[in-house]
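Colleague: This structure is in structure tokens; I'll ask about it shortly.
The values are calculated or read from the model by the stated rules, or taken from the named source; none is laboratory data. Since we're looking at a predicted model, the values are computed, not measured. Reconstructed Cβ throughout: ideal geometry from the backbone, glycine too, with neighbour counts over all protein chains shown. Just the protein is used for accessible areas: all its heavy atoms, side chains included, with ligands, DNA and RNA removed. Shrake-Rupley method; radii C 1.70, N 1.55, O 1.52, S 1.80 Å.
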Amino acid sequence: AMSVGGPLGAQLAMAQSALAVRDDPAESMRLLAVARLLAPGTLVEEAALRREIFVAGQSGALERLEFLAVQYLRRFRHSIYAGNFRQRFAVLLTALDFDGDLERFARLETMLARFDAESRRDMYLFFARHSLINGRTAVARRASTLAHGLSAGGSDAEERATFYAAVSQIATDRFALAADTLTDLDAGKLPEADRLLLEAALDLAVQIGAPMALAPTEMGETEGPAATEETEPLDVVEASIVADDTVPTP
């Protein structure tokens with residue numbers, strides 16, 4: 001490919017990389033680097049950079065993965081392919097189990113710190129939703145809090161972050177605030193798939209709230225809505241559902 005040179009050499013290196021990727025990922029990445037060198041500033045370079053990122057991730061070369069991903073999002077974040085890249089990159093990071101627990105998620109935060117704010121926000125929203133679906137509520141709360149901090153006020157992204165934060169706390173001692181937040185959400189700002197998740201979360205809130213409302217009091221009576229309101233502990237009510245206490249202690 002180097003002897004051919006130019007755009008044709010870059011295309012040749014891309015083809016050779018595809019042939020080598022299964023048996024020799026390191027050689028495949030080398031050839032993709034050659035393709036980028038021979039066609040700077042072109043769609044070929046962008047495509048080669050994207051492929052190299054995923055080969056690096058699949059082969060466990062995390063430092064290379066981070067370096068290349070930062071390069072891509074700095075140089076091509078306005079590309080028509082950038083949105084698709086973010087989604088695929090988030091799926092790749094999920095496969096690497098960065099959202100397994102808060103300690104591992106902290107490693108992801110360190111990696112994403114070098115990315116632009118929009119990319120970090122989108123990644124955190126993805127991880128918040130993915131973690132919720134997989135029952136990792138502490139990670140979902142942390143990711144949604146980070147996404148909320150990177151979202152413009154009143155934006156769809158902020159509404160999604162608030163939604164994920166509320167769902168992650170619906171089965172905790174912050175139930176009352178989480179349930180109120182879910183009820184007050186503007187469902188029109190959520191993607192269709194999240195609207196279905198909202199319905200499921202509201203149904204869960206009803207199932208949790210009903211036994212609480214009917215719990216016996218010390219006098220042997222049952223608590224109606226008014227009684228629940230009067231006896232609710234003050235420390236349950238927080239100023240914001242995204243108030244965060246999930247940062248791991250060093």
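Colleague: Determine how large the accessible area of Met2 is when every protein chain is in place; take a 1.4 Å probe and give Å² rounded to the nearest 10.
Modeller: That residue has around 110 Å² of solvent-accessible surface.
Colleague: Shifting gears a bit: Net charge within 13 Å of Ser131 by Cβ-Cβ distance, Lys/Arg positive one each and Asp/Glu negative one each, not counting Ser131 itself?
Modeller: +2
Colleague: Using a cut-off of 11 Å between beta-carbons, work out the net charge of the residues near Asp194 (Lys and Arg +1, Asp and Glu -1, Asp194 not included).
Modeller: Result for the local shell: 0.
Colleague: For the chain, what size does the Cα cloud have along each of its three principal axes, sorted from largest down, in whole Å?
Modeller: Dimensions of the chain along the principal axes of its Cα atoms: 89, 33, 29 Å.
Colleague: List the longest stretch of the chain that has no exposed loop site; here a site is one of the trypsin sites (Lys or Arg not before Pro) assigned by DSSP to anything other than H, G, I, E or B, with at most 15 other Cβ within 10 Å.
Modeller: 115-250
Colleague: What range in the chain is the longest one free of GluC sites (Glu not before Pro) that are in a loop by DSSP and have at most 13 other Cβ atoms within 10 angstrom?
Modeller: 1-217
Colleague: For the chain, find the longest principal axis of its Cα atoms and tell me its angle to the long axis of helix 43-58, 0 to 90°, nearest 10.
Modeller: Its long axis makes an angle of about 60 degrees.
Colleague: Please report the equivalent ellipsoid semi-axes of the stretch 51-170, computed as sqrt(5 x eigenvalue) of the Cα gyration tensor, largest first, in whole Å.
Modeller: Largest first, the stretch 51-170 gives 23, 17, 11 Å.
Colleague: Give me the Å³ per residue figure for the convex hull around the C-alpha atoms of the stretch 157-208.
Modeller: Dividing the Cα hull volume of the stretch 157-208 by its residues yields 61 Å³.
Colleague: Right, here's the next one. Output the 0 to 90 degree angle, nearest 10, between the alpha-carbon long axis of helix 82-95 and the longest principal axis computed from the alpha carbons of the chain.
Modeller: 70 degrees
Colleague: What relative contact order, as a whole-number percentage, does the stretch 81-139 give when Cα pairs under 8 Å and 6 or more residues apart are counted?
Modeller: That works out to 43 percent.
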